[in-house]
Amino acid sequence: MRIIVEEDRERGVDPAARIECARCHEARPLIGSVDYDGIRLCNACATLFEVARLNGKAWSCAEFVGKTPAGAH
């Protein structure tokens, strides 16, 4: 997920800008964060989501952050 950080830097994303991650609820850098259909995850949580998705443990970001019941696709 480092490439997302690098791409954001190249696009001029403000390195001081912060977001509240939908999963960990921490103030995290906007740079490197990922928006999944309106659900913004920090880079660390986006990495965890992608691993869970690849391992079949999460079908959607909404499920991953607990916004839909497991198994509802």
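Readers should treat all values here as calculations from the given coordinates under stated rules, not as data from a laboratory. Quick caveat, the model's predicted, so the values are computed rather than measured. Cβ coordinates were reconstructed from backbone atoms using ideal geometry, including for glycine residues, and neighbour counts include every protein chain displayed.
What the table shows:
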| quantity | calculated |
| --- | --- |
| Search result, residues across segment 34-66 that are under 23 Å from Asp8 (Cβ atoms), surrounded by fewer than 17 Cβ atoms within 10 Å (Cβ to Cβ) and of a type in the set (Lys, Arg) | Arg53 |
| Tally of residues being touching a residue at least 40 places away in the same chain (Cβ under 8 Å) and not small (Gly, Ala, Ser) across segment 1-37 | 3 |
| In segment 1-22, the residues that are out of contact with any helix residue (DSSP H, G or I) (no Cβ under 9 Å at 6 or more places or on another chain), in a helix (DSSP H, G or I) and surrounded by 15 or more Cβ atoms within 10 Å (Cβ to Cβ) | Asp8 |
